[in-house]
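Asker: Can you keep this structure in mind? I'll have questions shortly.
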Amino acid sequence: MDVRRTAVSLGSIKTADGSALAKVGGTTVACGLKLEVGIPSALKPKEGRFEVSLKLASLCSPEINKKSLGRTFVGNDKRIDAMAATIKKTIASSQMMNLEELCIKEGASVWVVYIDLVCVDFSGNIFDAALMAVGGALRSLQLPPTQIAEDGEVMLSREGKSSRLTIKRYPISISFGILDQKHIVADPTAEEEKLLEGRLSVAFTTDGHLCLVHKEGRESISSKRINDCLDIAEKYAEKMVKKHPKVFGFVAS
Amino acid sequence: AMAGRGRLRSIGCERGVLNRADGSVRYSQGNSCVLVCVNGPMRVSRKDENIHNATVQVFVKPITGNEDIEHMLMSTMVEDCLSSVILVKMHPLTRIQIVIQLLDVDGSILSCAINGAMMGLIDAGIQCNKLLAAVTVTQLDSEMIVDPSKDDEKRASVVVNLAFNANDQQIILSNTNGLLSKSDYHNIINTAQKAALKVEKFMRKFFESTMR
């Protein structure tokens, strides 16, 4: 059960408010964060929001527009949107950030974080790379200082320092491809993904909680096999904290 | 507010609701209700066709407004579940279309949609190799609620959707929300498997008593 080599770099996109680039083997996903001022929901007047979008760039794979890519779990728009929704739910489930830190003025203005993910190189298993990229980007996010004008409009102020989000924990996922009952592959490559009929993504947080068990696809799997995968995913999350301490390790604030 | 409920809410079903569809069912679990319309095998467009298998297409329509990414996720999850039971090799170069119209959302809507779609397939006479049953379970502290309502889901810290193959209790779909531990997940699976047996029993009893 080997996962390919991973790499994460923070702050690669200077025009974005936060960014990161994550690689799992050859699969490369870039994440850019853009902040906009929005109105909070009436039920949660002190909380900001975030939206996730995922795209496959045309240059990510020579098969991008071919039907063969559409047969796999990525390639057609619905599957990609579904993956973006799963990433959003994983971030929300993990409770990695305190949305109240995005509040500018309670009940009136909050920051809305637009998390844009783009896969620039497709070698199978976008999900894991995308989730790492989001974690890195949120770590590098700088909230600019603001002041509120008389008419209530929020403006960037020249004084005051940018602040960072307090990130309690990071979700770290490992995806398995299910070929049949006996054969489960960790971190499938693009060639392997074409043959797979089932996928299981498991995410543990860096402090040991389980935050995602997402099984999709046609092949079914026994609960015993899922438990085996959970054990592997738990160890993997611990390993990743040690491997990328600058991204997933703790920062004394 | 019930503390830890292991029982499903009452299940309701009516078949043959739409005149022009190959199969249709109005299915409800408690107050959550869906209308499922199944058509197929029918003609497929060039870009969707598959020379080995029928193409299964699922559309989830919300009560109001357009579909957003949550509904896209829901429809891919239902599509995967149904693709695993339908004998797609029997109808290559065709498609089987399932439209799930949400009528009332009061919790457990994903499992309601999957169960409703399963019943819609049987009404349409689409050959399937097994029955599948879906269950939603929530957990708050150490109390589990099976087939939660909307309020139960809001209060809970963990919401898990599971779909099982009725023959061998294998898991076809798993989807979790919230932070949990490995043993929590294991307990939730055990609870859900028992509840899924009851759903399957309802499905069999319903079709045996409404043969037309």
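Asker: May I ask you to say which residue of A:LEU200, A:LEU165, A:LEU195, A:LEU212 is touching a helix residue (DSSP H, G or I) at 6+ places or on another chain (Cβ under 8 Å), of a type outside the set (Gly, Ala, Ser) and away from chain B (no Cβ under 11 Å)?
Answerer: Going through A:LEU200, A:LEU165, A:LEU195, A:LEU212 in turn, just one is touching a helix residue (DSSP H, G or I) at 6+ places or on another chain (Cβ under 8 Å), of a type outside the set (Gly, Ala, Ser) and away from chain B (no Cβ under 11 Å): A:LEU165.
Asker: Against the condition in contact with a Phe, Trp or Tyr (Cβ under 9 Å, 6 or more places away or on another chain) and in contact (Cβ under 8 Å) with a residue 40 or more places away in the chain, how does A:ILE148 come out, does it pass?
Answerer: no
Asker: Failed condition for A:HIS183, given (1) closer than 14 Å to B:LYS182 by Cβ; (2) without any contact (Cβ under 8 Å) to a residue 12 or more places away in the chain, with all others met?
Answerer: It is condition (1) that A:HIS183 fails.
Asker: May I pose another question? Filtering segment B:111-124 down to residues that are open to solvent by 10 Å² or more (accessible area, probe 1.4 Å) and touching a helix residue (DSSP H, G or I) at 6+ places or on another chain (Cβ under 9 Å), which residue is farthest from the other protein chains (Cβ to nearest Cβ)?
Answerer: Applying the filter and picking the extreme gives B:ASP123.
Asker: What are the residues in segment A:151-198 that are out of contact with any His (no Cβ under 8 Å at 6 or more places or on another chain), within 26 Å of A:MET97 (Cβ to Cβ) and surrounded by 12 or more Cβ atoms within 10 Å (Cβ to Cβ), if any?
Answerer: A:VAL154, A:SER163, A:ARG164, A:LEU165, A:ILE167, A:LYS168, A:TYR170, A:PRO171, A:ILE172, A:SER173, A:ILE174, A:SER175
Asker: Still on this structure, please answer the following. Those residues that are small (Gly, Ala, Ser), touching a residue at least 12 places away in the same chain (Cβ under 8 Å) and at the interface with another protein chain (Cβ under 9 Å from one of its Cβ atoms), I need them from segment B:164-194; list them, please.
Answerer: B:SER174, B:GLY178, listed by residue number.
Asker: Further, regarding this structure: Give segment A:219-233 a look and list any residue that's among the acidic types (Asp, Glu) and surrounded by 18 or more Cβ atoms within 10 Å (Cβ to Cβ), or say none.
Answerer: A:GLU219
Asker: With the requirement that a residue be away from every other protein chain (no Cβ under 14 Å), in a strand (DSSP E or B) and either out of contact with any Gly (no Cβ under 6 Å at 6 or more places or on another chain) or open to solvent by 20 Å² or more (accessible area, probe 1.4 Å) (or both), what does segment A:91-110 give you?
Answerer: A:CYS103, A:ILE104, A:LYS105, A:SER109, listed by residue number.
Asker: Would you confirm, using the coordinates I've provided, whether B:THR94 is among the β-branched types (Val, Ile, Thr) and in contact with a Pro (Cβ under 6 Å, 6 or more places away or on another chain)?
Answerer: Criteria met by B:THR94.
Asker: Among the numbered criteria (1) open to solvent by 10 Å² or more (accessible area, probe 1.4 Å); (2) modelled with pLDDT of 95 or more, which one does B:THR136 miss?
Answerer: So B:THR136 meets the others, but not (1).
Asker: Still on this structure, I have one more. Would you check if there is a residue in segment A:39-51 being at pLDDT 90 or above, touching a helix residue (DSSP H, G or I) at 6+ places or on another chain (Cβ under 8 Å) and of a type in the set (Val, Ile, Thr)?
Answerer: There is no residue in segment A:39-51 that is at pLDDT 90 or above, touching a helix residue (DSSP H, G or I) at 6+ places or on another chain (Cβ under 8 Å) and of a type in the set (Val, Ile, Thr).
Asker: Of everything in segment B:56-106, what is more than 10 Å from every other protein chain (Cβ to nearest Cβ), part of a strand (DSSP E or B), under 18 Å from A:LYS78 (Cβ atoms) and open to solvent by 20 Å² or more (accessible area, probe 1.4 Å)? Give them in sequence order.
Answerer: The answer is B:LYS61, B:ARG95, B:GLN97, B:VAL99, B:GLN101.
The values are calculated or read from the model by the stated rules, or taken from the named source; none is laboratory data. In this text the structure is predicted, and so the values were computed from the model without any measurement. Ideal geometry is used to build each Cβ from the backbone, glycine not excepted, and the neighbour counts take in all protein chains shown. SASA here: full protein model, heavy atoms, side chains in, ligands and nucleic acids out. Shrake-Rupley method; radii C 1.70, N 1.55, O 1.52, S 1.80 Å.
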